[in-house]
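Worksheet: one structure, shown below.
The values are calculated or read from the model by the stated rules, or taken from the named source; none is laboratory data. For clarity, every value in this text was computed on a predicted model and none was experimentally measured. Here the Cβ positions follow ideal geometry from the backbone for every residue, glycine too, while neighbour counts run over all protein chains shown. Keep in mind that these areas ignore ligands, DNA and RNA; they rest on the heavy atoms of the full protein, side chains included. Shrake-Rupley method; radii C 1.70, N 1.55, O 1.52, S 1.80 Å.
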Amino acid sequence: MVSAASPDQFPKDGLPEIAFLGRSNVGKSSLLNVLTAQKNLARVSSTPGRTRWVNFFRYGSDLYLADLPGYGYAKVPEAVRLSWEHLVTSYMVDRAPLALCLFLVDVRHDPTDGDATLREFLEQNGLRYALVATKADKLGRGELARRVSALQKGLGARAQDVVAVSSQTGAGTDALWRLIRTAAVNHPKGSMA
Ligand code: GTP
Ligand code: MG
């Protein structure tokens, strides 16, 4: 793992990177842990705003999973918020190894202003992204289908895909791995079969 507090600390080997983005507490670090089948690789916390750097987890010799600080956590001082925002945008703009962004939203909640801003940012910068609806275990089957369908028509209308996942049950993680592998293998430096 590489923890980067500034752009000069980002990996330099050019391996494809998959970025985990979204509101604070949406479940980025938890998802990263189940995807890699490790309990405490990325720190999960009941305290929002726990992830403060860009944490790159190298997955074999194939790719990096990049855990980014979340937005929308009100208790963060303005100066800290600005420094995170700067770090995240400096990562996403012109980052050649970035193969796919995973844009996480809590399946139970309507999109926030921060979500709308992130969508705009992704689209304006021509970044490929999939919308990932987290905490799917919190809803029954019918309600889950309704929420996912609303996301497909709304926030995720221009996303490459919309996938519902649960870090608690593992639901949706196979589908998400397929998206990750496809993006990585199609990346110029991708080698994953
Ligand atoms: P920041 O680092 O603050 O941006 O948060 P994060 O997006 O990394 O969220 P994190 O993974 O730390 O999870 C936040 C809280 O949501 C924790 O209490 C998790 O246990 C809980 N959580 C995450 N994923 C799921 C899920 O799929 N189901 C349920 N029920 N709870 C989840
Ligand atoms: Mg986190």
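Listed values, structure above:
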| read-out | value |
| --- | --- |
| Complete set of residues in the stretch 115-147 that are crowded, with 19+ Cβ neighbours inside 10 Å and polar (S, T, N, Q) | Thr134 |
| Filter result (touching a strand residue (DSSP E or B) at 6+ places or on another chain (Cβ under 7 Å) and either free of Cβ contacts under 8 Å to residues at least 12 places away in the same chain or of a type in the set (D, E, K, R) (or both)) within the stretch 124-140 | Arg128, Lys135 |
| Tally, over the stretch 59-83, of residues that are modelled with pLDDT under 80 and crowded, with 18+ Cβ neighbours inside 10 Å | 2 |
| From Leu155, Leu127, Leu131, residue being farther than 16 Å from Pro69 by Cα and either touching a Pro at 6+ places or on another chain (Cβ under 9 Å) or within 16 Å of ligand 2 (Cβ to nearest atom) (or both) | Leu155 |
| Hits in the stretch 111-141 - residues which are in a loop (DSSP other than H, G, I, E, B) and on the phi < 0 side of the Ramachandran plot | Pro111, Thr112, Asn125, Leu127, Arg128, Leu139, Gly140 |
| Every residue from the stretch 24-42 that is surrounded by 14 or more Cβ atoms within 10 Å (Cβ to Cβ) and either outside any loop (DSSP other than H, G, I, E, B) or modelled with pLDDT under 80 (or both) | Lys28, Ser29, Ser30, Leu31, Leu32, Asn33, Val34, Leu35, Leu41, Ala42 |
| Some residue of the stretch 153-172 being open to solvent by less than 70 Å² (accessible area, probe 1.4 Å) and of a type in the set (D, E, K, R) | yes |
| Flag if His109 is open to solvent by 20 Å² or more (accessible area, probe 1.4 Å) and under 18 Å from Ser167 (Cβ atoms) | yes |
